[in-house]
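Asks: Take a look at this one; I'll ask things after.
The values are calculated or read from the model by the stated rules, or taken from the named source; none is laboratory data. Keep in mind the model is a prediction, meaning the values are calculated, not measured. For neighbour counting, all protein chains shown are included, and Cβ atoms are generated from backbone atoms with ideal geometry for every residue, glycine included.
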Amino acid sequence: MGSGSSRTNDLVVPQANQALEQLKYEIAQELGIQIPQDGYYGNMATRDTGAIGGHITRRLVEIAEQQLAGRYSR
């Protein structure tokens, strides 16, 4: 990060937003966590939102590892 820049959650590939949203709902369902229909997460337990985020990260790392393994196995 350069000086004067602020940290954001902007996606490098904006089209990935829909895929990440879908992944969030899939993982929440797998964990048995209900995501609020109104989009307000203030009433959710921090533990639940953290669990969803942690599993998303694990899944994305697995996908990246598989892609790299396929790329270098040739």
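The rows are residues; the columns are (1) of a type in the set (S, T, Y); (2) under 16 Å from L23 (Cα atoms); (3) out of contact with any strand residue (DSSP E or B) (no Cβ under 9 Å at 6 or more places or on another chain).
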| site | (1), (2), (3) |
| --- | --- |
| G42 | no, no, yes |
| A45 | no, no, yes |
| T49 | yes, yes, yes |
| G53 | no, yes, yes |
| E62 | no, yes, yes |
| G70 | no, no, yes |
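Asks: Sticking with this one: Is it the case that the stretch 22-34 has a residue that's outside any helix (DSSP H, G or I), modelled with pLDDT under 90 and of a type outside the set (D, E, K, R)?
Replies: Filtering the stretch 22-34 down to residues outside any helix (DSSP H, G or I) leaves 32-34.
Then drop every residue that is not modelled with pLDDT under 90, which leaves none.
No, the stretch 22-34 has no match at all.
Asks: Could you run through the stretch 35-60 and say how many residues are among the hydrophobic types (A, V, I, L, M, F, W, C) and not in a helix (DSSP H, G or I)?
Replies: Quick first cut of the stretch 35-60, residues among the hydrophobic types (A, V, I, L, M, F, W, C) only: 35, 44-45, 51-52, 56, 60.
Within this subset, residues satisfying the condition of being not in a helix (DSSP H, G or I) are 35, 44-45.
The number of residues fulfilling the criteria is 3.
Asks: Assuming R71 fulfils every condition listed in (1) at pLDDT below 90; (2) not in a helix (DSSP H, G or I) apart from one, which condition is it?
Replies: Unmet condition: (2).
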